[in-house]
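Working notes, structure below.
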Amino acid sequence: MKRVAGFTLLEVLASLVLLALLLVGVYSGLRTATHSVRSGTAAIERIDQVRSAEEFLRRELAQSLIQPISHNDRGEAIYFVGSAREMRYIAPLPGYLGKLGPQLQRLQLVDDGNRGLRLELSLAVLPPDGQPPKPLGDPQVLLDHIKGGSFSYRGVDGDGHPVPWSGAWADGRALPQLVRIELQPEGNQGWPRLDVPLRANPLSSNALNALPQAGLRGGSSP
C-alpha cells in the first residue's frame, strides 16, 4: 500500500508561526484604529464642551440684570461681585430652566485636586419676600481640565469714574461694562479670550462715553 502524503511537523509549526504573526498584525491594526477613534471622539467632545461653555457664558453675562444681590453697610444695593476667580450676578436662564425667574449665578474657577482648575456654575433662587437666595442643586461643571485662568473687568463705577481692566470689580453698585474670561485648557483645544459686554447700568449711563467705543464691542478680541 502507498503511504498517504501529509505535512511534516516542521511544516505545521511554520504554519502556526505564520498564523500567529498574521493575528498579531490584525490585532495591532484593530488596536490602532480603536485608539484613533477614541482619540477623535474625545477631541470632538472637548471641542463641544469648550464651545458650549463659551456660548453659555456669552449669553448669560450679556443678559445680566440690574437687580440687587445684596446691600453694603450703607444700605446701597450691590448688583455685581467680581474677583479674579469668582463673579456673582443675576441673569435669567434659557428655556425651561428659566421658569423659576432670574437667578443668582456664581461662576468660579476652583481647584480640581489634580493641580488644575475647573469652571463651575452655581445657581440660587431669589425668594420674592427678600429672603437670602436659596441654592438650587449642586454646582455644575462648565469646563474641566484647565491649566490656568482668570476673570477681569472694565467699565464705570457707581460714581461715574472710568475703571480700567482689573482683576477685581470693587464697586458693586454698578455692573462692569465688559467682562473678560481668559482660560488655558489642557490639550490642544484653545480658548479664545472672551470679552462680553454687559447691559448698561443706570448709575453710570451718563458716563458710557468715558470708554473707547472699540472696547464695547462684544465677542472675542485678539
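The values are calculated or read from the model by the stated rules, or taken from the named source; none is laboratory data. Here the structure is a predicted model, which means the values were calculated and not measured. Neighbour counts are summed over all protein chains in view; Cβ atoms, including those assigned to glycine, are modelled from backbone coordinates with ideal geometry.
Tabulated results
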quantity: Residue in region 128-151 that is farthest from the chain's Cα centre (by Cα), counting only those that are surrounded by 14 or more Cβ atoms within 10 Å (Cβ to Cβ) and farther than 17 Å from residue 81 by Cβ; calculated: 136
quantity: Search result, residues across region 106-127 that are of a type in the set (Lys, Arg) and over 15 Å from residue 82 (Cβ atoms); calculated: 115, 118
quantity: Residues satisfying the stated conditions in region 152-164, i.e. modelled with pLDDT of 95 or more and touching a Lys or Arg at 6+ places or on another chain (Cβ under 7 Å); calculated: 152
quantity: Those residues of region 158-181 which are surrounded by 15 or more Cβ atoms within 10 Å (Cβ to Cβ) and of a type in the set (Asp, Glu), in sequence order; calculated: 171
quantity: Residue that is nearest to the chain's Cα centre (by Cα) [pool: residues in region 152-188 that are among the aromatic types (Phe, Trp, Tyr) and under 17 Å from residue 78 (Cα atoms)]; calculated: 153
quantity: Restricting region 1-50 to residues that are closer than 23 Å to residue 188 by Cα and of a type in the set (Ser, Thr, Tyr), the residue that is modelled with the highest pLDDT; calculated: 32
quantity: Residue in region 170-188 that is modelled with the lowest pLDDT, counting only those that are more than 21 Å from residue 111 (Cβ to Cβ) and of a type outside the set (A, V, I, L, M, F, W, C); calculated: 188
quantity: Number of the exception - residue 136 against (1) of a type outside the set (Ser, Thr, Tyr); (2) closer than 21 Å to residue 56 by Cβ; (3) in contact with a Gly (Cβ under 6 Å, 6 or more places away or on another chain); calculated: (3)
